[in-house]
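Let me begin by presenting the structure, written as structure tokens, before commenting on it.
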Amino acid sequence: MRNRINYIRYIICFTAGILLILGFAPYYSLTSTPLSFFTLFCCVYFYDRSCIEAFKSGFFFNLGYLYISLSWIKEPPFLAIPEQKLICYLLAAGLFTIAIPALALFQGLCTATFYYFERRVTKDSKQITISAIATFSLLSVAFEDLRHFICVKFPWNPISHTLLGNRLLRQFLSSVGSWGSGLLVIFFSIFIPALLFGLLNKKESKACMLIIGLLISSLLLNHAGISQYEENHTNLLQNAKIHIIQLNNRKGVNVSNYELLYKFNSAIHAALKNNTDNHNIVIFSESAFPFLLSKDTPFLECMEYLQNKFDLIVGADTYIKYQKDQHIRYMHYNSMIYANHLGRIKTIYDKRTLVPFGEYNPLKFMLQSVYPLVSINIEEYTVGTSSSRIVMERGNIRVAPYICYEIIFDRYYLNNTKGDEDVILNITNDIWCSGTIGMQQHFSHAIARALEYGKSVIRVSNNGISGIINPLGDVIKETEIDKECTISTDFIPPTRDTLYPQIAYLLRISLYTLLALRLLTYSSKIRYTMAKLYK
């Protein structure tokens, strides 16, 4: 009978995990997140009877969430090799079935740790304490952070992104960032339902009123911050115009590079046709330039016959040539190139954070001997070390460059820029997740970075979603998915001072210290309880 009840509970946890995905892009349901976390918390707090049961509850919860959240990853990009479809799908299936359960282990460890410390002290309690909710929330974000640290190449869908659909709530990212906002989301996802259902400890009514008061005060401060920023009408573009070009080059379509170059140049002509202003800035997506470029090339020759009336930022594959063991070898880079109105290349930024199984293979040491057997030849990119700033001559705009999924790392800006940039520019090619919710989820990371660092984000994608996001997280302009189109604007919103960059590291240290002190308190309580039992 007990086993049957356990199976039902695990199914409930799995379903709650699936429900959690509705809180993220493109759905942004405000009710699914509290319902999901409150269900998981109650299963662990009231019904689990051992650390093993608590581990399974958390594991199945995260398993349901991850399978739905990452279901759009049909195959890793580097495995899309037509000649070896069978082996590609077998390898992709193996990665999918091993990686996701491995990621789900972290939530299982979180709930098992919570049960070990909390329920051994408050055994058989019928009421929820605020300290228990706080401990569960701290452990959840700590294990999520640990997962991102160990699996450093894919921190997808942080819990804080469930706030991005609400203009008032998402301002918390400006104050405490994605990590701190995730803590608040989990805490209030449990606290509010527990308060409504009368499950909170009656002795903590004063603490409840204080928490509610702090929440209301924070929301009022968020509203005041929005109003204050909206009064600032400064334009970062001085007598200049930006043209964001979404080419929508299709995957699997057999087109020559010269045809792509013609399309590239035609798009520029179309964008500049009705713009006689000499201060134009044209921006293309990742890998939009159809030819491999040597880093020794001083000019973009394709611009010689264009109108010489614009600066150009474009994604391209670049290389450098070197000699080793009397052989000529090449290092390839995924680059963002800035060329001025004369066609002279002024800055090349090389991507620093490469996509696992897309731009490099983390299992290369295991699979290298297998490649020749299945006729797979994979050309990997090299990690970039070039400058992390582009200064555009037209308008003197300082740009923080991001290529593709570098935008998903909340601390990338802190670690790789000077901090005084005017805008964040993210060029990407989302063709590999076309037609799935992965496109909206990737776009949501750009909204989060705009909020955290108080910078407008210009996002240029090959097939969508391209757009301009202001520091409040509002999407000013955006393109449709899988459409060839151009966005032109002569207004970029001003920067906004945010708290998060100032306290990012201090916040993490403080909350981890608080968690450690809390667990030490639990340990002393456990020893005291055990001593009483054995007297």
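The table for this structure:
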quantity	calculated
Filter pass, ILE186 being surrounded by 19 or more Cβ atoms within 10 Å (Cβ to Cβ), under 30 Å from ASN275 (Cβ atoms) and modelled with pLDDT of 90 or more	no
Residue in the stretch 411-428 that is within 16 Å of THR479 (Cβ to Cβ), touching a residue at least 24 places away in the same chain (Cβ under 8 Å), acidic (Asp, Glu) and not in a helix (DSSP H, G or I) present	no
Subset of the stretch 7-27 (residues that are farther than 15 Å from TYR65 by Cβ, in contact with a Ser or Thr (Cβ under 9 Å, 6 or more places away or on another chain) and either in a helix (DSSP H, G or I) or not assigned by the TED database to the domain that holds TYR115 (or both))	ARG9
Complete set of residues in the stretch 278-293 that are closer than 22 Å to MET392 by Cα and either among the polar types (S, T, N, Q) or surrounded by fewer than 14 Cβ atoms within 10 Å (Cβ to Cβ) (or both)	ASN278, ASN280, SER285, SER287
Residue check for LEU40: part of a helix (DSSP H, G or I) and either of a type in the set (D, E, K, R) or within 21 Å of the chain's Cα centre (by Cα) (or both)	no
Qualifying residue in the stretch 494-501 (condition: in contact (Cβ under 8 Å) with a residue 12 or more places away in the chain, aromatic (Phe, Trp, Tyr) and more than 30 Å from ASN265 (Cβ to Cβ))	yes
Residue among LEU35, LEU30 that is within 30 Å of SER131 (Cβ to Cβ), in a helix (DSSP H, G or I) and at pLDDT 90 or above	LEU35
Odd one out for ILE348 among (1) at pLDDT 80 or above; (2) part of a loop (DSSP other than H, G, I, E, B); (3) closer than 17 Å to ILE320 by Cα; (4) over 22 Å from the mean Cα position of the chain (by Cα)	(2)
Top-ranked residue of the stretch 393-410 - restricted to ones that are under 11 Å from the mean Cα position of the chain (by Cα) and outside any loop (DSSP other than H, G, I, E, B), ranked as surrounded by the fewest Cβ atoms within 10 Å (Cβ to Cβ)	GLU406
Whichever residue in the stretch 498-511 is at pLDDT 90 or above and over 21 Å from the mean Cα position of the chain (by Cα) and, among such residues, is surrounded by the most Cβ atoms within 10 Å (Cβ to Cβ)	SER510
Hits in the stretch 233-260 (condition: surrounded by 11 or more Cβ atoms within 10 Å (Cβ to Cβ) and either part of a strand (DSSP E or B) or among the hydroxyl-bearing types (Ser, Thr, Tyr) (or both))	LYS241, ILE242, HIS243, ILE244, ILE245, GLN246
Residues of the stretch 184-232 classified as within 20 Å of SER125 (Cα to Cα), part of a loop (DSSP other than H, G, I, E, B) and either touching a residue at least 60 places away in the same chain (Cβ under 8 Å) or in contact with a His (Cβ under 8 Å, 6 or more places away or on another chain) (or both), total	2
Filter result (in contact (Cβ under 8 Å) with a residue 40 or more places away in the chain, crowded, with 24+ Cβ neighbours inside 10 Å, not in a loop (DSSP other than H, G, I, E, B) and not β-branched (Val, Ile, Thr)) within the stretch 140-169	SER140, SER160, HIS161
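The values are calculated or read from the model by the stated rules, or taken from the named source; none is laboratory data. None of the values given here were measured: they were computed from a predicted structure. Cβ: placed from backbone, ideal geometry, glycine included. Neighbour counts: every protein chain shown.
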